[in-house]
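The values are calculated or read from the model by the stated rules, or taken from the named source; none is laboratory data. Small disclaimer: the values here were computed from a predicted structure and weren't measured. No Cβ is skipped: glycine too gets one built from the backbone with ideal geometry, and neighbour counts run over all protein chains shown.
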Amino acid sequence: MYVYDKYDQQIIDERVNQFRDQTRRFINGSLPEAEFLPLRLQNGLYVQRLAPMLRIAVPYGLLNSTQLRKLADITRRFDKGYAHISTRQNIQLNWPQLEEVPDILAELATVQMHAIQTSGNCIRNTTTDQYAGVAIDELTDPRPYCEIIRQWSTLHPEFAFLPRKFKIAVCASTGDRAALYNHDVGVEVRVSDQGAIGFRVLAGGGLGRTPMIGAVICEWLDEPHLLTYLEAILRVYNQRGRRDNKYKARIKILVKAMGVDAFREAVAQEWRAIKDGLNTLTNAEIERAKSFFNPPQYLDVDTASAQSALREQCRNNPTFSNWVARNTLDHKVDGYQIVNISLKATGYAPGDITDAQIELVADLADRYAFGEVRSTHEQNLVLADVHQPDLYPVWQALQAAGLATPNIGYLSDLICCPGGDYCSLANAKSLPVAEAIQARFSDLDYLYDLGPIDLNISGCMNACGHHHIGHIGILGVDKKGQEFYQVCLGGNQGKDASIGKILGPSFSQQDIPDIIEQILSIYLQLRRPEESFLDTYRRVGIDPFKERVYAGDD
Amino acid sequence: MPAMIRNGEIVEDRWLAVNTEASSPAPQQILTLDQWQATAEKSGTAVQLEPGQPPTPLFDHLDSISLVAINFPLFTDGRGFSYARELCERGFKGELRAVGYFIRDQLHYLRRCGFTAFALTEETDLSAALGSLGDFTEHYQASADQCLPLFRRR
Ligand code: SF4
């Protein structure tokens, strides 16, 4: 993973000092609230319903064990002993004190972490495939490009006061695990027949109030031009994006209003002025970025005997066997396995993790996974490189800590924003809905029979829980001061991304588990062999669901 | 004459602020884009851009214009940052001035985008604000005062 040199360190240290001074001036009254607001947001600090919330950046989801231990320590000293993994692979603290935030940032800086641009109308944390570097279907490793984008976008002087937030995702696998089509800009890393690297660039995707699928604005961009081209896109957006209405300020609205062709042409025009300039990537820089993501020292294993040993362990322990089947994935290197750590145990807020659990994961990473951990946009953690003979002790340790719920990819592995319990923008609570669904559908055999289902919950239109791209999406809405929930079906992320359709009038909180159960039973009745929920939905459409869910209503 | 920051120092401003009413602007008056476009002699002129007025019409006259002011009616409207960079990248060497409601915490970014002069709001403590110009001593990106991005200097 990327390691800071003196320049990176100096930049984040200076940011801590700057923010310390801004906080001091805010507290002593010389920096007015309205002026402090965008400054603190650009440093990940929200003022929420109950307390401030601090969002710590996890660049493209990569963490090392030292950072995890520091985080555990911070949650104990400055918070209530737990942290939350967000749907943008970042880490949130729910209970810090405003005046202590500069100290938290100073602590983070000692382990090469920060909270820069995790919120605010600026370029946010770049996200990518959580299985980058280890996935079987990967064309090349996307992380060097993520790091290059991270550096370029960090404290970019021109793009700190954009019309609205701006999110970039990068992916380099055949299956899109970074939701490229739902980002302001999606960068798909491609490899030509001759082996050259280039990018397909998408723009104007997004969720929120007006969900949209991104459009291709550049089919092939040569590798050295990545930053100048991004800069051109941002320039068009910064100058022409709407600023009169925050709900119409995202780049998706601009692309739609201008039309994709006109937008592409405007970008091309800006690009002509800066293309081949000094921001053009050099080979040395690309090689430098790549050098941080060389594969670790994998052990040369006797694959056949490792696999037969694993089969033997599985035969002896069905619980372990099930966990291997559900929560681990094949690794591109024989003898290794990708391990998902489920943060979706029933009764715990999705994505929450305690200080002790964080430390346990850090220990496991050190012992079994080259000291590295990833956070995922599904709000779980990943140990990306586990040697197959180590799976058993890893599982035992996770199991003992409540981190081995074998539900990755199934209904109860749901995505959920913090909602009305924490978030001041919420229309409705989301955590109790998540908990009620997990409690209702705790029978694992039923879940496995349903097959893979993404269920996503957002507490309001801001869609932090990505409800539009869940196969089943739930959205909290406010009806005359009462909390209600709208259900949508048929959303999907990935290369065949789609936006869910609203099923019909919204439901009360207590009805949601019943409604979900009805939807699932309709699917089970209608499905053909081998059809997933999404397949069936795409074949039959929303009507059969609508008719039966609302059948008793009139 | 009001005080302002120019080239890192507190100085008195010799230019007169924009006057939209004036039919024949005084010498040393900063012109609106309309007034400036109506002026035949561009040499030594000063012109102010508002949000929504990209600098494109100025590009052919960058050698003769003395001052471009970019107005920030609201500090969160960041269009002016891009306008400034476009002017610099096309070789504008005169005074590039931020005017309006922007805040001292933006000075560093503004400077990096090419602004050389800052007419902050009256309430601003200018000598304290000078400190914000140098909030950072190292940066990743190329900018008006450092043409090489960090990756070409590492
Ligand atoms: S979706 Fe709404 S309620 Fe949920 S975290 Fe985002 S802003 Fe808050």
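Report every pair of residues separated by at least 6 positions or lying on different chains whose Cβ atoms are under 9 Å apart, first residue within region A:379-407 and more than 19 Å from A:Leu444 (Cα to Cα), second among the hydroxyl-bearing types (Ser, Thr, Tyr) and surrounded by fewer than 18 Cβ atoms within 10 Å (Cβ to Cβ).
A:Asp385/A:Tyr298; A:His387/A:Tyr298; A:Gln388/A:Thr303
Are any of the residues in region A:448-459 more than 30 Å from A:Glu188 (Cβ to Cβ), within 16 Å of the ligand (Cβ to nearest atom) and in contact (Cβ under 8 Å) with a residue 24 or more places away in the chain?
Quick first cut of region A:448-459, residues more than 30 Å from A:Glu188 (Cβ to Cβ) only: A:448-450, A:459.
This time we only want the ones that are within 16 Å of the ligand (Cβ to nearest atom), so: A:459.
Remaining after also requiring in contact (Cβ under 8 Å) with a residue 24 or more places away in the chain: A:459.
Within region A:448-459 (the criterion being more than 30 Å from A:Glu188 (Cβ to Cβ), within 16 Å of the ligand (Cβ to nearest atom) and in contact (Cβ under 8 Å) with a residue 24 or more places away in the chain), the answer is yes, since at least one residue qualifies.
Looking at B:Thr116, B:Thr39, B:Thr76, B:Thr56 in this structure, which one is of a type in the set (Ser, Thr, Tyr) and within 24 Å of B:Val11 (Cβ to Cβ)? Spell out the reasoning first.
Details: B:Thr39 fails: within 24 Å of B:Val11 (Cβ to Cβ); B:Thr76 fails: within 24 Å of B:Val11 (Cβ to Cβ); B:Thr56 fails: within 24 Å of B:Val11 (Cβ to Cβ).
Only one candidate passes the filter, namely B:Thr116.
Which of the residues belonging to region A:460-515 are more than 16 Å from the ligand (Cβ to nearest atom), among the small types (Gly, Ala, Ser) and under 19 Å from A:Arg440 (Cα atoms)?
A:Ser508 - this is the single residue of region A:460-515 that is more than 16 Å from the ligand (Cβ to nearest atom), among the small types (Gly, Ala, Ser) and under 19 Å from A:Arg440 (Cα atoms).
Within region B:97-138, can you find the residues that are within 7 Å of chain A (Cβ to nearest Cβ) and either out of contact with any Ser or Thr (no Cβ under 9 Å at 6 or more places or on another chain) or of a type outside the set (D, E, K, R) (or both)? Outline the logic, then answer.
First, pick out the residues of region B:97-138 that are within 7 Å of chain A (Cβ to nearest Cβ): B:103, B:105, B:109, B:112-113, B:135-138.
Result: B:Ile103, B:Tyr109, B:Cys113, B:Asp135, B:Phe136, B:Thr137, B:Glu138.
So which residues in region A:2-18 are surrounded by 19 or more Cβ atoms within 10 Å (Cβ to Cβ) and either in a loop (DSSP other than H, G, I, E, B) or more than 9 Å from chain B (Cβ to nearest Cβ) (or both)?
A:Tyr2, A:Ile12, A:Val16
Evaluate the following for A:Pro102: is it on the phi < 0 side of the Ramachandran plot, in contact with a helix residue (DSSP H, G or I) (Cβ under 7 Å, 6 or more places away or on another chain), away from chain B (no Cβ under 14 Å) and part of a loop (DSSP other than H, G, I, E, B)?
no
Only residues that are touching a Cys at 6+ places or on another chain (Cβ under 9 Å) and on the phi > 0 side of the Ramachandran plot: list them for region A:461-480, please.
First pass over region A:461-480, keeping only residues touching a Cys at 6+ places or on another chain (Cβ under 9 Å): A:462-468, A:470, A:472-478.
Hits for region A:461-480 are A:Ala463, A:His466.
Going through A:Gln18, A:Gln9 one at a time, which residue ends up being in contact (Cβ under 8 Å) with a residue 12 or more places away in the chain and at negative phi? Quick ask: steps written out before the conclusion?
Details: A:Gln18 fails: in contact (Cβ under 8 Å) with a residue 12 or more places away in the chain.
Residue meeting the stated conditions: A:Gln9.
Could you list, in sequence order, the residues of region B:37-90 that are within 14 Å of another protein chain (Cβ to nearest Cβ) and of a type in the set (Val, Ile, Thr)?
B:Thr56, B:Ile70, B:Thr76 - these are the residues of region B:37-90 that are within 14 Å of another protein chain (Cβ to nearest Cβ) and of a type in the set (Val, Ile, Thr).
Name the pairs whose Cβ atoms lie under 7 Å apart, with the first residue in region A:419-441 and among the β-branched types (Val, Ile, Thr), the second within 15 Å of the ligand (Cβ to nearest atom) and assigned to a loop (DSSP other than H, G, I, E, B), and 6 or more positions between them or separate chains?
Pairs found: A:Ile437/A:Leu414.
Enumerate the helices (runs of 4 or more DSSP H) found wholly within region A:221-322, keeping only those where 3 or more residues are within 14 Å of another protein chain (Cβ to nearest Cβ) and at pLDDT 95 or above. Write out each step before concluding.
Numbers: elements: A:226-240, A:251-258, A:260-274, A:283-291, A:303-316.
In region A:221-322, the matching helices (runs of 4 or more DSSP H) lie at A:226-240, A:260-274, A:283-291.
May I ask you to list the residues in region A:124-143 that are farther than 24 Å from A:Asn283 by Cα and either within 14 Å of another protein chain (Cβ to nearest Cβ) or over 19 Å from the mean Cα position of the chain (by Cα) (or both)?
Answer for region A:124-143, where residues must be farther than 24 Å from A:Asn283 by Cα and either within 14 Å of another protein chain (Cβ to nearest Cβ) or over 19 Å from the mean Cα position of the chain (by Cα) (or both): A:Ile136, A:Asp137.
Just to confirm my filter: which strands (runs of 3 or more DSSP E) fall fully inside region A:23-91 and include at least 2 residues that are under 14 Å from A:Ala115 (Cα atoms) and either touching a strand residue (DSSP E or B) at 6+ places or on another chain (Cβ under 8 Å) or of a type in the set (Phe, Trp, Tyr) (or both)?
On the way: elements: A:45-47, A:52-56, A:62-64, A:82-85.
Once the strands (runs of 3 or more DSSP E) in region A:23-91 are filtered for at least 2 residues that are under 14 Å from A:Ala115 (Cα atoms) and either touching a strand residue (DSSP E or B) at 6+ places or on another chain (Cβ under 8 Å) or of a type in the set (Phe, Trp, Tyr) (or both), what remains is A:45-47, A:52-56.
Regarding B:Ile70, is this residue touching a Leu at 6+ places or on another chain (Cβ under 6 Å) and not small (Gly, Ala, Ser)? Quick ask: steps written out before the conclusion?
Details: touching a Leu at 6+ places or on another chain (Cβ under 6 Å): yes; not small (Gly, Ala, Ser): yes.
When the stated conditions are applied, B:Ile70 passes them.
Yes or no, residue by residue, for (1) in contact with a helix residue (DSSP H, G or I) (Cβ under 6 Å, 6 or more places away or on another chain); (2) surrounded by fewer than 24 Cβ atoms within 10 Å (Cβ to Cβ); (3) closer than 23 Å to A:Leu278 by Cα:
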{"residue": "A:Ile123", "(1), (2), (3)": "yes, no, yes"}
{"residue": "A:Thr140", "(1), (2), (3)": "no, yes, no"}
{"residue": "A:Tyr145", "(1), (2), (3)": "no, no, yes"}
{"residue": "A:Phe159", "(1), (2), (3)": "yes, no, yes"}
{"residue": "A:Ala172", "(1), (2), (3)": "no, no, no"}
{"residue": "A:Gly186", "(1), (2), (3)": "yes, no, no"}
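Tally the residues that are more than 16 Å from the ligand (Cβ to nearest atom), of a type in the set (Gly, Ala, Ser) and either out of contact with any helix residue (DSSP H, G or I) (no Cβ under 7 Å at 6 or more places or on another chain) or within 14 Å of chain B (Cβ to nearest Cβ) (or both), restricting the search to region A:426-447.
So the answer is 2.
Between a first residue in region A:144-163 that is farther than 15 Å from A:Gly61 by Cα and within 7 Å of another protein chain (Cβ to nearest Cβ) and a second residue that is of a type in the set (A, V, I, L, M) and assigned to a helix (DSSP H, G or I), which pairs have beta carbons less than 6 Å apart while being 6 or more apart in sequence or on different chains?
Close Cβ pairs satisfying both conditions: A:Trp152/A:Leu227.
This table checks each residue for (1) more than 28 Å from the chain's Cα centre (by Cα); (2) on the phi > 0 side of the Ramachandran plot; (3) modelled with pLDDT under 95; (4) not small (Gly, Ala, Ser).
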{"site": "A:Gln482", "(1), (2), (3), (4)": "yes, no, yes, yes"}
{"site": "A:Val487", "(1), (2), (3), (4)": "no, no, no, yes"}
{"site": "A:Gly494", "(1), (2), (3), (4)": "no, yes, yes, no"}
{"site": "A:Ala497", "(1), (2), (3), (4)": "no, no, yes, no"}
{"site": "A:Pro513", "(1), (2), (3), (4)": "no, no, no, yes"}
{"site": "A:Glu517", "(1), (2), (3), (4)": "no, no, no, yes"}
{"site": "A:Leu520", "(1), (2), (3), (4)": "no, no, no, yes"}
{"site": "A:Leu524", "(1), (2), (3), (4)": "yes, no, no, yes"}
{"site": "A:Thr536", "(1), (2), (3), (4)": "no, no, no, yes"}
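Scan region B:53-60 and tell me whether some residue there is among the acidic types (Asp, Glu) and at pLDDT below 95.
no
So which residues in region A:87-97 are more than 12 Å from A:Arg77 (Cβ to Cβ), touching a helix residue (DSSP H, G or I) at 6+ places or on another chain (Cβ under 7 Å) and either surrounded by fewer than 22 Cβ atoms within 10 Å (Cβ to Cβ) or modelled with pLDDT under 95 (or both), if there are any at all?
Of everything in region A:87-97, just one residue is more than 12 Å from A:Arg77 (Cβ to Cβ), touching a helix residue (DSSP H, G or I) at 6+ places or on another chain (Cβ under 7 Å) and either surrounded by fewer than 22 Cβ atoms within 10 Å (Cβ to Cβ) or modelled with pLDDT under 95 (or both), namely A:Gln89.
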